[in-house]
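Structure record follows, encoded as structure tokens.
The values are calculated or read from the model by the stated rules, or taken from the named source; none is laboratory data. These figures come from a predicted structure and were not determined experimentally. With ideal geometry, Cβ positions are generated from the backbone for all residues, glycine too; neighbour counts draw on all protein chains shown.
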Amino acid sequence: MITIDVIETRVRGFVEDIQHPKQKKRININDLELQLRRLTDDYFEMDGYSLFYRAIEALQVEGQLIAIQNNQYNGKIPALPLFYWVNIKMNIVKWDRLEMMKLGDQFDFSFYEKHPDWQTEDEWDRILKVYTFLKTCRERETVSLEERSLELFGHEKFLLDADSFPEGKGFLARIGVSEEQLKMVNFGEPFVFWMKQGIEIKDIQRVLIVENLSFFHTSIKLLEANELDYEPELIIYGEGTKIERSFSFFFRMFPSKNYLFYYAGDLDAAGYGILIRLIEKYRDCCIQPALKVYRKMLECLEQRNDQKQGQTQNIKYRDAFFQWFTEKEQNLLQQLWQENKRIPQEVLTIETWRRWT
């Protein structure tokens, strides 16, 4: 039987053969898997794709591969982007151990001990810049992540844009330094919101966050007609997963107090994940699913459609979401999951909403 290590070794070998010392190369992940299948007689019997998937994920973490995000996937479950950049082959330059010891009061070099391919001149130069900064950080002001990134690494997107700066992804984790130590903050993005007419900011108590633009506008109409469940004073357009980056902005705009946040998104794997991650990240806030909205969506079961390709079907998020519902409702949600179907939030129009009122 072929072992996991051999599968990963073969994948790494394919990638190393493709690597170029001066420029990135693009690969088709299906072509790469086909080569592996041709070399592995019992590929399907051993669930070779799962092992292949794990190997690709490992190479991404190491920065050897960079996914090209163009909404094209390989058609498998779990899905992988169809195309990847193969990073430039690194010339291994062993760092001076004495110099590493001198900086050991600020950095944890254990990652570099295990991955000597990261011991490059450019990486060492970045570490020296961070070390110099940390020596004077007490006198420094807190600035945005982009501003500090430009100061230390020469580009404002170095720590944010993995496609353009693959070496920036995971850099702080590699050296064991936090954003707080570098006196920088990844500021939340402003979001679109609608406040009920006649309401002052100090009167806001209930907030409805909706995932999709169509239902955002529908919710506004319903709110103004006093027909919206929960009677929120404020509606926020979540804009899909963007709300996970922008939610912190709420607390810079509105007074500090206890709010009731209700979230409503698509009934699909991505929607479940958005809600559960918000709840987990902001444990001090009262965030819960807008059950009355979701129940109206379940009434539109006949309008279900196929899950979007490339969505990660996380069982943990699914189970955490399902537990909010009754047993009967959970059966319907489980049916959707097993059929690989979803109910988009767009089933809730002014017309369908008013059927239930």
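Here are the numbers for the structure shown:
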| item | result |
| --- | --- |
| Selection count, the range 40-62, where residues are farther than 16 Å from residue 80 by Cα and surrounded by 13 or more Cβ atoms within 10 Å (Cβ to Cβ) | 4 |
| Candidate set from the range 185-204 (those that are over 29 Å from the mean Cα position of the chain (by Cα) and of a type outside the set (A, V, I, L, M)); member that is farthest from residue 245 (Cα to Cα) | 198 |
| Considering residues of the range 175-184 that are surrounded by 13 or more Cβ atoms within 10 Å (Cβ to Cβ) and charged (D, E, K, R) only, the residue farthest from the chain's Cα centre (by Cα) | 183 |
| Single unsatisfied condition, residue 178 versus (1) hydroxyl-bearing (Ser, Thr, Tyr); (2) assigned to a loop (DSSP other than H, G, I, E, B); (3) more than 25 Å from residue 252 (Cβ to Cβ) | (3) |
| Residue list for the range 252-296, restricted to those being within 20 Å of the chain's Cα centre (by Cα) and among the acidic types (Asp, Glu) | 266, 268, 280 |
| Filter result for residue 145 (exposed (fewer than 14 other Cβ atoms within 10 Å of the Cβ), hydrophobic (A, V, I, L, M, F, W, C) and modelled with pLDDT of 90 or more) | no |
| Tally of residues being β-branched (Val, Ile, Thr), surrounded by fewer than 21 Cβ atoms within 10 Å (Cβ to Cβ) and modelled with pLDDT of 95 or more across the range 200-249 | 2 |
| Matching residues, the range 185-238, being touching a residue at least 12 places away in the same chain (Cβ under 8 Å), over 14 Å from residue 261 (Cα atoms), assigned to a loop (DSSP other than H, G, I, E, B) and not polar (S, T, N, Q) | 187, 188, 189, 190, 191, 196, 199, 227, 228 |
| Residue in the range 81-88 that is in contact (Cβ under 8 Å) with a residue 24 or more places away in the chain, surrounded by fewer than 15 Cβ atoms within 10 Å (Cβ to Cβ), of a type in the set (A, V, I, L, M, F, W, C) and not assigned by TED's automatic domain parsing to the domain that holds residue 174 present | no |
| Some residue of the range 24-45 being within 26 Å of residue 165 (Cβ to Cβ), assigned to a helix (DSSP H, G or I) and in contact (Cβ under 8 Å) with a residue 60 or more places away in the chain | no |
